[in-house]
Amino acid sequence: MSENKTDYILRVEDIHKTYGDAEVLKGVSFNVRKGDTIVFIGPSGTGKSTLLRCINQLTVPDSGRVWLHDEEVTNSGKKINRFRQKIGMVFQNFYLFDHLTAIKNVEIALIKVKGMSPEAAREKALYELRQVGMEDFADHYPAELSGGQAQRVSIARALAMEPDVILFDEPTSALDPELTREVLEVMRKLALEGMTMLVVTHEMGFARSVATEIVFMESGVIQEIGTPAEVFGDGGGFERIRSFMGKIGDLSGD
Amino acid sequence: MDETAQFIDFCINILFPALADGLMITVLLVLITAPFGIAFGVLLAVGRVYGKSYGNWICRLFVGFVKGCPLMLLLFILYFGLPTVPYVGVTFDAFTASIIGFICCNSAYNSEYVRGAIISVKEGQLIAASALGMTKRQAIMYIVLPQALRRAIPGLSNEFIYLIKYSSLAYMITLVELTGAGKIVFTKYFEPGVFFVVGIVYLALVTVTTVGANALEKKYAVPGTQKR
Amino acid sequence: MDLFSVVAEWFPYLVEGILVTVGLVASALIIGACLGLPMAIGQVYGSRPLKYVIGLYVWFFRGLPVLVLLFMFYFTIFPLLNLDLDAFFVGATVLGLRGAAYQSQIFRGAIQSISEGQMTAARSLGMSRAAAIRTIIIPQAVRIALPGWSNEYPNILTDSAICYAIGVAELLTRTSQIVTQTYITMPIYILCALMFIMLNFAGMRVIAYLEKRVAIPGFSGGGQAGIV
């Protein structure tokens with residue numbers, strides 16, 4: 001493993017975040033290489049989602065730094081909006097823009113933020129909707145989509161910005177099992193195509209088959225990091241992850 | 001029977017022509033006021049929700065004053081009061097003073113509806129916009145306001161109907177609009193039917209507007225989001 | 001002329017005007033509630049013709065400007081009925097009748113928001129329909145209606161100034177008289193505006209206090225979020 005810093009497209013260094021009395025993140029650091037799929041697991045309320053939000057500064061960390069390539073994302077002032085274009089995000093509750101059709105949801109930031117022409121944006125949006133299998137629903141409004149469909153559109157919306165990395169914040173937690181599968185399929189495909197992804201999820205099957213690294217977080221710190229083979233294999237050293245997975249009773253993959 | 005014929009004759013020859021002129025003024029007042037009232041109402045609402053200290057305070061003070069002060073007094077201030085202020089005094093004709101007063105009133109009340117609608121837009125919408133790299137201004141312009149304005153349509157159309165009705169107050173500062181035209185005819189002929197005819201015209205205006213507003217609301221409803 | 005001495009001289013006159021205004025508003029609110037509540041009950045539980053008549057009443061009074069209603073009643077309807085009423089009574093009656101139309105809709109919404117189960121439970125105890133409405137539905141409906149109802153106060157307060165048009169000696173009328181007599185314009189208008197705003201504020205305080213007193217612990221009734 002090379003320690004050359006330029007190998008990493010995203011570096012997260014010693015992030016701390018406290019809400020009131022609760023210290024949610026107590027110094028979290030890790031690095032991400034291009035094409036990595038890093039899956040964050042761990043009990044609820046251990047700061048995984050907060051960590052993702054600290055990366056694109058939707059939540060401003062109390063201390064610690066984040067770099068995208070060699071530029072600092074933290075403390076970047078107004079430049080943050082440029083970084084956010086490069087760091088996509090997919091939310092648990094989709095957050096599709098309720099007043100816009102699926103395709104307009106994908107288009108709007110292309111036009112208003114990236115300054116694309118409406119024609120080019122439309123073409124790009126259609127392409128991305130096709131990537132997630134939603135081109136037939138281009139003219140549907142969010143309220144007319146199932147949860148799984150909405151989440152696929154929101155993935156297309158993130159993809160269209162051509163980000164260097166996409167943050168997935170529990171993308172399937174609000175979905176029924178059948179709908180979860182279609183979203184995970186899309187994410188699996190993205191990972192195979194080489195998209196760099198950070199995923200907070202409870203889907204162990206996905207973690208096992210797709211992750212390049214599994215990060216186990218508990219009480220605001222990273223407890224263990226390992227590849228799926230290390231974590232799921234017979235080798236020792238990952239008792240905490242295993243006891244956690246034992247508790248949530250989900251070792252089966254699909 | 002003879003009385004009825006006489007009344008019809010009176011209507012056709014005297015009342016209707018007078019009311020037609022007045023109605024013109026009323027319609028003009030309303031149509032000129034409404035777009036400004038909506039535009040300023042949105043600005044006031046944005047100022048109150050997102051404004052920093054000063055802007056926020058000015059917007060709140062303005063809305064508080066306009067809502068607390070009777071519209072008629074506001075018209076008096078604009079028409080009779082302002083010209084007497086030394087140095088800065090401005091004189092408006094009755095039409096302009098009415099328009100200004102109505103815009104103040106209309107925008108203050110509109111801002112309440114728009115503000116409520118802005119607040120009701122879910123937080124996730126702003127978060128998602130930020131995550132895509134939109135500035136706060138872009139997020140407000142392209143994401144929050146389009147949703148909020150749709151939700152504010154029932155309130156805004158309600159205010160529009162109020163505007164039709166309170167435009168009658170322009171007569172109190174000498175502008176002869178629909179109500180004024182009726183009053184003048186009444187004072188001259190003491191024909192008891194006058195105010196009923198005037199009333200029918202207002203009811204027609206209000207009813208037609210209500211029907212139109214409902215259609216508008218339906219047209220701009222986002223598909224899939226049924227009214228509660 | 002010294003502004004302060006003028007204000008001091010006329011202040012008692014204005015304070016009397018405040019009393020008249022408060023009288024107008026209080027009578028209008030009371031008339032409005034006394035008529036509005038039964039109308040709401042009629043509109044929800046009444047027979048078809050009754051509902052129709054009440055609907056017509058509401059449409060009429062909500063569709064007309066206050067000014068037109070005042071002229072209509074003051075110059076036409078009461079004289080035709082051979083009632084020689086003081087302007088104050090005409091003003092209070094018109095504001096009250098109009099308020100009833102608005103209030104009935106607030107009460108109606110409240111009644112309709114009460115769950116079916118309340119009526120069913122009351123009937124299962126052997127209560128008559130009328131008794132159930134009186135002892136179970138109304139006490140709840142009134143509490144649910146309070147937030148919406150309290151919005152009526154500032155509306156009627158500012159509308160009461162329109163009674164100037166028929167010469168009720170309320171606050172705005174007296175303000176105008178002082179202005180014409182003293183030629184001091186803006187300061188008097190501003191003073192009048194402040195008095196209205198103060199009345200508005202004070203009244204809302206009283207209403208908030210009343211609301212707290214009748215509140216039932218844990219019972220929100222899901223009352224409509226009034227526009228604040």
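Test residue C:217 against the criterion of being more than 24 Å from the chain's Cα centre (by Cα), modelled with pLDDT under 90 and of a type outside the set (D, E, K, R), and give yes or no.
yes
Filter region B:82-107 down to the residues that are aliphatic (A, V, I, L, M) and out of contact with any Leu (no Cβ under 7 Å at 6 or more places or on another chain), then identify the one that is farthest from residue B:174 (Cα to Cα). Across region B:82-107, the extreme among qualifying residues is B:88.
Checked against (1) surrounded by fewer than 17 Cβ atoms within 10 Å (Cβ to Cβ); (2) over 30 Å from residue C:61 (Cβ atoms); (3) facing another protein chain (nearest Cβ under 9 Å), residue B:196 passes all but condition (2). For the residues B:215, B:152, the requirement of being modelled with pLDDT under 95, open to solvent by 20 Å² or more (accessible area, probe 1.4 Å) and aliphatic (A, V, I, L, M) singles out B:215. Among the residues of region B:131-146, is any out of contact with any Asp or Glu (no Cβ under 9 Å at 6 or more places or on another chain), within 14 Å of chain C (Cβ to nearest Cβ) and crowded, with 21+ Cβ neighbours inside 10 Å? So far as region B:131-146 goes, no, none of its residues is out of contact with any Asp or Glu (no Cβ under 9 Å at 6 or more places or on another chain), within 14 Å of chain C (Cβ to nearest Cβ) and crowded, with 21+ Cβ neighbours inside 10 Å.
Give the residue, chosen from B:72, B:24, that is modelled with pLDDT of 95 or more and open to solvent by 80 Å² or more (accessible area, probe 1.4 Å).
Working: B:72 fails: open to solvent by 80 Å² or more (accessible area, probe 1.4 Å).
On inspection, the qualifying residue turns out to be B:24.
Looking at region B:37-129, the helices (runs of 4 or more DSSP H) lying wholly inside it that each contain 3 or more residues that are within 30 Å of residue A:52 (Cα to Cα) sit at B:94-120.
Is region B:80-87 home to any residue that is more than 8 Å from chain C (Cβ to nearest Cβ), open to solvent by less than 30 Å² (accessible area, probe 1.4 Å) and in contact with a helix residue (DSSP H, G or I) (Cβ under 7 Å, 6 or more places away or on another chain)? Within region B:80-87 (the criterion being more than 8 Å from chain C (Cβ to nearest Cβ), open to solvent by less than 30 Å² (accessible area, probe 1.4 Å) and in contact with a helix residue (DSSP H, G or I) (Cβ under 7 Å, 6 or more places away or on another chain)), the answer is no, since none of the residues qualifies. Residue A:198 meets the stated requirement of being at pLDDT 95 or above, buried (at least 16 other Cβ atoms within 10 Å of the Cβ), more than 30 Å from residue A:117 (Cβ to Cβ) and not acidic (Asp, Glu). Annotation: residue A:206 fulfils all but one of (1) of a type in the set (Phe, Trp, Tyr); (2) under 28 Å from residue B:222 (Cα atoms); (3) open to solvent by less than 10 Å² (accessible area, probe 1.4 Å); the unmet one is (2). Might you let me know whether region A:106-115 holds any residue that is open to solvent by 50 Å² or more (accessible area, probe 1.4 Å), more than 11 Å from every other protein chain (Cβ to nearest Cβ) and either assigned to a helix (DSSP H, G or I) or in contact with an Asp or Glu (Cβ under 8 Å, 6 or more places away or on another chain) (or both)? Among the residues of region A:106-115, not one is open to solvent by 50 Å² or more (accessible area, probe 1.4 Å), more than 11 Å from every other protein chain (Cβ to nearest Cβ) and either assigned to a helix (DSSP H, G or I) or in contact with an Asp or Glu (Cβ under 8 Å, 6 or more places away or on another chain) (or both), which makes the answer no.
In region C:1-18, the residue that is surrounded by the fewest Cβ atoms within 10 Å (Cβ to Cβ) out of those that are of a type in the set (D, E, K, R) and in a helix (DSSP H, G or I) is C:9.
When residues in region B:147-164 are screened for being farther than 12 Å from residue B:41 by Cβ and within 14 Å of chain A (Cβ to nearest Cβ), 4 of them pass.
Here residue A:142 fulfils each of the conditions (1) closer than 25 Å to residue A:193 by Cβ; (2) surrounded by 18 or more Cβ atoms within 10 Å (Cβ to Cβ) apart from (1).
Go through region C:19-34 residue by residue and tally those that are open to solvent by 70 Å² or more (accessible area, probe 1.4 Å) and over 30 Å from residue C:183 (Cβ atoms).
Quick first cut of region C:19-34, residues open to solvent by 70 Å² or more (accessible area, probe 1.4 Å) only: C:19, C:30, C:34.
The next check asks that each one be over 30 Å from residue C:183 (Cβ atoms); those that pass are C:30, C:34.
Of the residues in that region, 2 qualify.
Filtering region B:1-58 to residues that are in contact (Cβ under 8 Å) with a residue 60 or more places away in the chain and polar (S, T, N, Q) leaves B:26, B:33. Taking residues in region C:66-94 that are facing another protein chain (nearest Cβ under 9 Å) and more than 26 Å from residue B:162 (Cβ to Cβ), and partners anywhere that are modelled with pLDDT under 95 and open to solvent by 10 Å² or more (accessible area, probe 1.4 Å), the pairs with Cβ atoms closer than 8 Å and at least 6 places apart or on different chains are C:79/B:192; C:80/B:192. On the stretch given as region B:101-130, residues that are among the small types (Gly, Ala, Ser) and within 7 Å of another protein chain (Cβ to nearest Cβ) total 4.
Rundown of residues vs (1) out of contact with any strand residue (DSSP E or B) (no Cβ under 8 Å at 6 or more places or on another chain); (2) surrounded by 15 or more Cβ atoms within 10 Å (Cβ to Cβ); (3) among the hydroxyl-bearing types (Ser, Thr, Tyr), yes/no style:
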| position | (1), (2), (3) |
| --- | --- |
| C:74 | yes, yes, yes |
| C:83 | yes, no, no |
| C:96 | yes, yes, no |
| C:100 | yes, yes, no |
| C:112 | yes, no, no |
| C:141 | yes, yes, no |
| C:145 | yes, yes, no |
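The set of residues in region C:172-189 being surrounded by fewer than 21 Cβ atoms within 10 Å (Cβ to Cβ), part of a helix (DSSP H, G or I) and more than 8 Å from chain B (Cβ to nearest Cβ) consists of C:173, C:177, C:180, C:181, C:182, C:187. Residue B:208: open to solvent by 50 Å² or more (accessible area, probe 1.4 Å), within 18 Å of the chain's Cα centre (by Cα) and not small (Gly, Ala, Ser), yes or no? It is true that residue B:208 is open to solvent by 50 Å² or more (accessible area, probe 1.4 Å), within 18 Å of the chain's Cα centre (by Cα) and not small (Gly, Ala, Ser). Residue B:224 meets each of the listed conditions (1) within 14 Å of chain A (Cβ to nearest Cβ); (2) surrounded by fewer than 17 Cβ atoms within 10 Å (Cβ to Cβ); (3) touching a residue at least 60 places away in the same chain (Cβ under 8 Å) apart from (3).
The values are calculated or read from the model by the stated rules, or taken from the named source; none is laboratory data. All figures in this text were calculated on a predicted structure; none of them were measured in a lab. So basically every Cβ, Gly included, is an ideal-geometry build from the backbone, and we count neighbours across all protein chains shown. These area figures cover heavy atoms from the full protein model, side chains too; ligands, DNA and RNA do not enter into them. Shrake-Rupley method; radii C 1.70, N 1.55, O 1.52, S 1.80 Å.
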